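Taking it in order: structure first as structure tokens, then the write-up.
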Amino acid sequence: MRILLLATVCTLTSCIGGGLKRRFPTPPSIPLKNSKLKDYAGCYHIHTHFSHDSRGKFPDILNAAQKSGCDFLILTDHNTLQGKRYQGLHKNILVLSGAELSTPSGHLGALQIQTIPNRHQNIQHLLQQIRKQGGFSIVHHPHGGRTWKGGIHGFDAMEVFNLASLLKDNLVSTIFSALFVYPFSRKEAFASLIKRPSANLALFDKIAQQRHIVMIAANDAHAIPVGKLTLQIYEHLFPLVRIHILAKNQANILSALRKGRCYFAFDIFEDATSFLFYAKKKNSTQYLLMGDSSPFSNQWILLARSPVFCKFKLYKNGKNIRIHLGKTLSYSPQTSGVFRLEAYLPYPSSSNTQRWIPWVFTNPIWLKN
Ligand SMILES: [Zn+2]
Ligand SMILES: [Zn+2]
């Protein structure tokens with residue numbers, strides 16, 4: 001296994017590095033009247049050298065983020081807030097730092113906290129302490145590696161997709177893809193591994209019917225020590241999946257994330273920047289964005305637009321209620337519910353053996369009484 005890992009290191013580090021062809025040079029404005037919002041893309045759940053299992057140097061992480069077209073990066077080292085020393089604007093990338101707490105119930109992300117709370121206490125007390133500090137809690141990899149055992153109450157957000165869990169859970173395929181497919185086609189290597197995170201989505205949908213919750217995706221990127229070598233893979237992992245946050249400016253990224261004004265996308269297949277899911281009231285300029293809620297009325301129309309042709313799958317209370325092919329979607333709900341959208345891309349784009357691969361997952365819009 002060690003030899004295979006070393007071979008993977010050599011292949012990954014010698015082949016053409018990451019990078020992502022950005023659809024827009026700067027975050028584009030959201031074309032909604034009076035919104036003044038922009039689409040900022042970035043990566044969540046990054047481990048630096050402050051984590052026991054990562055040797056990542058900040059300049060390397062920053063370079064990888066720049067090559068991947070990131071507008072923000074959120075560091076979450078294990079049980080420490082030392083990453084806060086890197087907070088701020090670097091090369092036009094906003095760097096934020098929280099921590100990943102190892103609790104007896106599983107791994108829990110905590111953002112906007114000032115001190116690390118006692119992580120061995122009862123999980124509900126811990127969640128309360130994070131809230132008291134004005135913090136934001138995120139259940140990490142609920143079904144990967146370390147399964148979440150802390151129940152469904154009290155946290156603010158959940159990783160619906162965790163890249164490291166996908167790669168670790170499919171280790172043999174990952175190593176095969178890294179060695180024999182990735183050097184020739186990064187898209188094909190990832191397409192052979194990616195699948196809809198159905199178990200996490202089912203859990204998310206269950207909770208979303210009870211309360212507001214935010215869905216995010218994580219890169220969970222480390223610089224992995226392999227003996228004396230270090231597997232420097234940030235620039236390979238960052239372009240695969242990014243969170244897109246709709247915010248007025250970079251300073252508002254975290255508050256917009258907390259509201260759920262975001263979606264995540266496997267941007268390696270197509271840069272999803274400017275994808276939009278929203279609701280508009282008939283004969284009115286009133287609208288709702290992902291993460292918003294409003295009492296149900298049959299005057300609301302759910303709308304979506306995509307920068308490229310895709311298959312939209314609209315979900316209500318966890319059930320797929322509409323499939324539509326195209327670049328836009330319009331749907332008039334007749335009853336109340338929690339609505340969210342998934343989008344799939346035809347892959348490969350020109351082939352007889354085309355299949356649909358997961359691409360975009362949005363936060364819900366709550367139309368409930
Ligand atoms: Zn973890
Ligand atoms: Zn982690």
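Determine one quarter of the surface area of the Cα convex hull of the stretch 274-369, which equals its mean projected area, and express it in nm² to one decimal.
Working: hull surface 24.9 nm².
The Cα convex hull of the stretch 274-369, projected and averaged over all directions, gives 6.2 nm².
Once ligands and nucleic acids are excluded and a 1.4 Å probe is used, how much of Lys168 is accessible, expressed in Å² to the nearest 10? Taking all protein chains as shown, Lys168 has close to 140 Å². Exposure check, 1.4 Å probe, all protein chains in place: Arg196 carries approximately 70 Å² of accessible surface. Heavy-atom accessible area for Leu240, with the other protein chains in place and a 1.4 Å probe, reaches approximately 10 Å². Dipole of the stretch 213-328 computed with +1 at Lys/Arg Cβ and -1 at Asp/Glu Cβ about the Cα centre; of Ala217, Leu237, Cys310, farthest Cα towards the positive end is Cys310.
What is the ratio of the Cα radius of gyration of the stretch 213-267 to 2.2 N^0.38 Å, with N the residue count, to two decimals? The partial results should precede the final answer.
Details: Rg = 14.5 Å, N = 55, 2.2 N^0.38 = 10.1 Å.
With N residues counted in the stretch 213-267, Rg over 2.2 N^0.38 Å equals 1.44.
With only the Cα atoms considered, the stretch 67-106 has a convex hull volume of 70 Å³ per residue. By the helix-only formula, in which each DSSP H run with n ≥ 4 contributes -39500 (n - 2.57) and the sum is divided by residues, the chain has a 222 nm mean residue ellipticity of -5500 deg cm²/dmol.
Our analysis of the chain gives Rg over Rh at 0.95, with the two radii drawn from alpha carbon positions and Rh computed by the Kirkwood formula. Across q = 0.09, 0.12 Å⁻¹, the stretch 179-332 modelled as identical point scatterers on its alpha-carbon atoms has Debye log10 I(q)/I(0) values of -0.38, -0.65, in the order of the q list.
The values are calculated or read from the model by the stated rules, or taken from the named source; none is laboratory data. A quick note: this is a predicted structure, and the numbers were derived from the prediction, not measured. As a convention, Cβ positions derive from the backbone with ideal geometry for all residues, glycine included, and neighbour counts pool all protein chains shown. Areas reflect the complete protein model, heavy atoms only, side chains present, ligands, DNA and RNA absent. Shrake-Rupley method; radii C 1.70, N 1.55, O 1.52, S 1.80 Å.
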